[in-house]
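Okay, structure first, notes after.
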Amino acid sequence: MKQAQTIFDIHTKGQGLYEFTREVTFWAGQQAIVRGLLTLFIRHTSASLTIQENADPDVQYDLNNFFRRVVEENPSLYRHTCEGPDDMPAHIRSALTDVQLSIPMVHGSLALGTWQGIYLFEHRAMAHDRQVVAHLLGE
Amino acid sequence: MKQAQTIFDIHTKGQGLYEFTREVTFWAGQQAIVRGLLTLFIRHTSASLTIQENADPDVQYDLNNFFRRVVEENPSLYRHTCEGPDDMPAHIRSALTDVQLSIPMVHGSLALGTWQGIYLFEHRAMAHDRQVVAHLLGE
Amino acid sequence: MKQAQTIFDIHTKGQGLYEFTREVTFWAGQQAIVRGLLTLFIRHTSASLTIQENADPDVQYDLNNFFRRVVEENPSLYRHTCEGPDDMPAHIRSALTDVQLSIPMVHGSLALGTWQGIYLFEHRAMAHDRQVVAHLLGE
């Protein structure tokens, strides 16, 4: 049984989904692990992770739009407003999605379904540098 | 330390929760692992996983109803409508629940609480065949 | 490769977030594991886990307030009302947040970001004794 770890650095430019499936798949494939478990963990509280359909870009637009509608950027709703009107909504959107994803590796590949892509979900309006820690365990 | 993997095939018949705790518990119990970690991963973006109370079936009804109310099947809200009015809401409901669950094994049993059941949460209106990959690691 | 397990007992006094980052960090640090994966699993369906900003307490207030607003304690919306008006909303809020969190250990420390704290999110109005199972794997 062995382990491998790395960090994916992802630069974002405003709210929306940023796919990094290819980067994860490539790195995992290099570790010579046939069966195992990959874990991704984002080191932030105003951006998150999610697995979504990667066929139609409208899905990503609609998903972001839903979260903008349900978690309003209305300062009168929040006490924590000192970091801008998009900060507290970003924390809530992060709580509603995922800080971490674990995906089994089967026969040397991640067990993702045909249409599943791995996304960083940026919830802040401005550009940010985000870090996702990857941990792979298996043999 | 050893690993075991399998796939649970679950046939769904419309929106709602489908419990498969017994299948998971039975399979995990057969692997002769006393301490470890079980991970379940669903290979779809319009059905998800959740752990919920399994005592009163009304809980499952109310949970499904909440998601139907908050994530509306109203095509005017979405761009991605080509796969039917229930498709984009299904993606959003999946993002709000879980694509993956990890449960420790303690003294040879899953560490589930007394009332916790493992459910596949189907978000599409039509029948579907769903796959959940299981990965167990321990000794 | 080795494993360690424990249970964190957390006493809650009504709805809100209860941080236990320090307890988790202290226990994990004692296991002499340099690289690995920590998993936390809550054994309840009316309290959950979340990772949130731990700098400004207003963030925790606003987060709890958002869930109170979106998942209403209005018995006319639910069938499952026998355990009190806060019980079914507690199940829904649990489904929207996390039953489990996995965090990589890197260079002997949890890979948490600077502002990330680990919280138990209590969704019931009355005091409760909650159990969180911890599982650590690594070497």
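Points to keep in mind about this one:
- Rolling a 1.4 angstrom probe over the protein heavy atoms with all chains in place gives the protein assembly as shown an accessible area of 38 Å² per residue.
- Note on chain C: with a GNM built from Cα contacts shorter than 10 Å, the maximum mean-square fluctuation among C:116, C:60, C:30 falls on C:30.
- GNM result for chain B, Cα springs below 10 Å: residue of B:105, B:126, B:88 fluctuating most strongly: B:126
- Heavy-atom accessible area, 1.4 Å probe, ligands and nucleic acids excluded: residues of the stretch C:1-26 down by at least 50 Å² from chain alone: C:1, C:3, C:5
- Drop in accessible area of at least 40 Å² in the complex versus isolated chain, residues of the stretch B:109-130, 1.4 Å probe: B:111, B:116
- Folded to 0 to 90 degrees: helix B:57-70 orientation relative to chain B principal axis, Cα: 40
- When the other protein chains are added to the chain by itself, burial of at least 50 square angstrom of heavy-atom accessible area (probe 1.4 Å, ligands and nucleic acids ignored) affects these residues of the stretch B:33-76: B:35, B:37, B:41, B:43, B:45, B:52, B:53, B:62, B:66, B:69.
- Dividing the mean sequence gap of close Cα pairs (under 8 Å, 6+ apart) by how many residues chain A holds gives a relative contact order of 56 percent.
- Förster radius 30 Å - calculated FRET efficiency between residue A:32 and residue B:131, Cβ distance, rounded to 0.05: 0.70
- Simple spin-label estimate for residue C:11 and residue B:19 gives 3.3 nm between the two label positions (7 Å along the Cα-to-Cβ direction from each Cα).
- GNM on chain A, alpha-carbon springs under 10 angstrom: the most fluctuating residue among A:107, A:11, A:91 is A:107.
- Across the stretch A:35-43, rounded Karplus estimates of 3J(HN,Hα) from the backbone phi angles (6.51 cos²θ - 1.76 cosθ + 1.60, θ = phi - 60°) give 10, x, 9, 9, 10, 10, 9, 8, 8 Hz, Gly and Pro being marked x.
- Protein heavy-atom accessible area occluded, B/A pair - total, 1.4 Å probe, Å²: 2800
- Ranking of B:9, A:62 by solvent-accessible surface, largest first: B:9, A:62 (1.4 Å probe, protein heavy atoms only, all chains present).
- Of all lysines in the structure, not one has an alpha carbon short of 18 Å from that of residue A:13, not counting any fewer than 8 places away in one chain.
- Quotient of C-alpha Rg and 2.2 N^0.38 Å, computed over the protein assembly as shown: 0.91
- 3J(HN,Hα) couplings calculated from phi for the stretch B:4-13 with the Karplus curve 6.51 cos²θ - 1.76 cosθ + 1.60 (θ = phi - 60°) are, in sequence order, 9, 9, 7, 10, 9, 9, 10, 9, 10, 10 Hz; Gly and Pro show x.
- D_trans [Stokes-Einstein, Kirkwood Rh over alpha-carbon pairs] for chain B, 25 °C, 0.890 mPa s, µm² s⁻¹: 155
- Converting phi to 3J(HN,Hα) with the Karplus coefficients 6.51, -1.76 and 1.60 and the offset θ = phi - 60°, the stretch A:18-33 yields 10, 6, 9, 4, 4, 4, 5, 4, 5, 5, 4, x, 7, 8, 6, 10 Hz in sequence order, with x at every glycine or proline.
- On Cα atoms only, tilt of A:87-96 relative to the major axis of chain A in degrees: 40
- Percent accessible area from carbon and sulfur atoms, chain C, protein chains only, probe 1.4 Å: 49
The values are calculated or read from the model by the stated rules, or taken from the named source; none is laboratory data. Just so we're clear, the structure is a prediction, and the values are computed from it rather than from any experiment. Reconstructed Cβ throughout: ideal geometry from the backbone, glycine too, with neighbour counts over all protein chains shown. The accessibility values were calculated without ligands, DNA or RNA, using every heavy atom of the protein model including side chains. Shrake-Rupley method; radii C 1.70, N 1.55, O 1.52, S 1.80 Å.
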